[in-house]
Structures are given as C-alpha cells and as structure tokens.
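Notes to accompany the following structure.
Computed from the coordinates by the stated procedures, all read-outs in this text should not be read as laboratory data. Keep in mind it's a predicted model, so treat the numbers as computed, not measured. Note that each Cβ is placed from the backbone with ideal geometry, even for glycine, and that neighbours are counted across all protein chains shown.
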C-alpha cells in the first residue's frame, strides 16, 4: 500500500494543477496540510508558489496567535433603527482573505506586499492573481485557535462571511509528535485536508540551492558527497534536536554566512562558527570536505566548468525562472554564450517548462522571448523536450506562431 510521502516535484505539479483551476474561477474544495520536520522547506514552498504565480501571501502562524487574532474582537453595532447587535471585526491579517476584489490588496511590490522584497522587478506594480492563506504551525495553536480556523478550512467562511473565491488555503505542521510541543487537532478537522508528508529529496534540495544560488558551492559539494548530512540523524532524542544539528534550514543559513564571510576567518575559526548552525561534528566534516575540494587535482578543470555552470544557472534564474531580466538584458548576456552553454540552457528550460501543465501569462512571455533570443535549433530542442501529455508543447508553438514569430525552427523538430 502506497503512503502519502510526496516529493517537491510531485507536490509542485499537484498545486499548480489546482491553482490553474482556481485562477479559472473554480473554488478550492479541500485545503492542503503539509507535514514534515522543521527546516524541510514547507513555508518556503508556499512562498515560492506566491512569487512565481502572483499570489498575495497571508502568513498566519497559529502558534503565535490567540483567539482575538483570528475571529476579531466583539463590537456592539447600532443599526439605523436603534437595534443593537454584536459583530466581530476581522483583524487586518484575516481581512485580506475576505476582500471582494483582489484590487483592494494593492499591487505586487508595494509597501503592503508581504513578499515585496522578494518580488522580481518586472512583477512590481502588477495585480495579484490569487490569495494564499497559509496557516503555519497549525498543531502549535491552542484548541481555541484551532477551533476558530475550523470554519475557515471546513466551509471557507468565518463568522458567516465567505472568503474570496480565489483564496487557496494551505496549512503546515511538524510531524513528529514525540519531539515537538503541539496541540493535536481532532479527526473532523483533519478530514478537511489533503494531508501530505512533504519529503523533498536531497537531490531536489541541492538542485534548488544551485538554481537559486541559496546554497554555496562548498555546501553543495559536501552534501553531494555525504547526503546523510543534509538531515538530522534518525532516532535522535529531544536533547540532540535542541542543540545545533544538521538540517536543511541550518545548512542554508550556514551556507549564506560562509559564502559572505569566508575570507574574514581562518579555517578553524570558520569551523567553529559553522558549528553554531549545524553542530561541531558536521562543521568539522564540512571543514575537511572544503579542504579536499580545494586540494583535488581536478579542481582547476572543475572550476572552469563551475564558472560555465554558474553562468548558465544565472541566466536561467534571472530570465526564465524569476523573470528579473528584460529581454534586452537577456540578449546581451546570451551574446557571450558558447554552443555548449546554449545546450545547457536548453536543458534547464526543458526541465522548467515540464513542471507546468498549462500556460500562465509569464510562461507565455518567456516562451515568446526565448523563441526570438536563442538560435532556432536551441528553441527546437526546448520544444522537442517539453512533455506534450497535456498539450503544453502544442500550446507553446501555437502561442509563438500566433504572435507572428518566425517558425523556421520547425525544421529541427522531431
């Protein structure tokens, strides 16, 4: 019997499929409950969805909220005829889920955008396409708080008011009941969720770190060599987990520090600093692996390859994935690409577009721009590599030709 463990790739495909329906006007029926250990990337996943698909992020951490933060404070209202009755005025955080029109939220990148500092420049000023109501730490909330969000999850209402049809509701919680201090919800509450054991593979995490630049080369080298160091050792008790120890969040933070300040400290000093993130044993292994990486005879040749890899990764991230570069900037950058770098870029694009099963506005924009910027045989390689199970490849080609773009690349098509 299959369990409900789910990789990043499959969860992403599942969420994008449902999001396409929400954007088309169909309300979400069942909310998501994503379970997993701390530092696995649960919150980061939902933020990434908002950034890439123009979502407004409502971050409601139930473990830090009391009842009034959720349902609001009771207020006496007097009707024109003098009748008095009590209503709950929704707190500002919750109110965002109940707007009648998404225009009320402002635009991406403005001072009211919770993810404003992370938005791509070419998204700023644009309108939101949906709202993500993210109920984090759901099983750290008190019973009263959990009961307050029950109606929201169960009926998409609160105090009788209905949330906007374009609200996607997702919750997250830690999954080890023996380790974390939690307040377990009741079966009726859980029955309204698609419950997912979020289990992104180490390879998916490394690929994320490489593509986004969030993991430095040294950390990637070490984890690729010793994959068991990415996560806490199994079977460790609470005393161990209450001390610095290896997990993906701590490696991420250690990587950011190391990459920014490695020239400021001696090898031993840096080891002792890294130990504050991941513990002494893992920090010592990191020190030894970095030394091995530097001393490997093949490292010079590898360094050249790494420079080329980073060049391609940078283009892919800035132009294709995050949409930060304009076509003019992209064209300038492509001018220095050699044939092997063009081929590598095509491979990245195939992987990227195969994560989708529908054409968003930003996907159309990137497809259209790539058809103009890259050589015909490279665009044909991308087109040939895209899975057509859902007709996405045909949609790509139809979109490009409908815009009057030259279709001479078809001679390279399979």
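Full extension of the chain between residue 5 and residue 256 gives 87.4 nm of extra length, using 0.36 nm per residue less the Cα-Cα distance. Annotation for residue 225 and residue 93: the two label points, set 7 Å from Cα along the Cα-Cβ direction, are 4.4 nm apart. Residue ranges 321-333, 25-37 sort as 25-37, 321-333 when ordered by packing (mean number of other C-beta atoms within 10 Å per residue, highest first).
The distance between label points at residue 284 and residue 314 comes to 3.8 nm (points 7 Å beyond Cα on the Cα→Cβ vector). Residue ranges 371-378, 144-151 sort as 144-151, 371-378 when ordered by packing (mean number of other C-beta atoms within 10 Å per residue, highest first).
What the Cβ-Cβ distance of residue 267 and residue 13 gives, at R0 = 45 Å and to the nearest 0.05, is a FRET efficiency of 0.55. Here the spin labels are modelled as points 7 Å beyond Cα on the Cα-Cβ line, and at residue 276 and residue 84 they lie 5.7 nm apart. Computed over the Cα atoms of the range 202-295, pair by distinct pair, the Kirkwood hydrodynamic radius stands at 13.3 angstrom.
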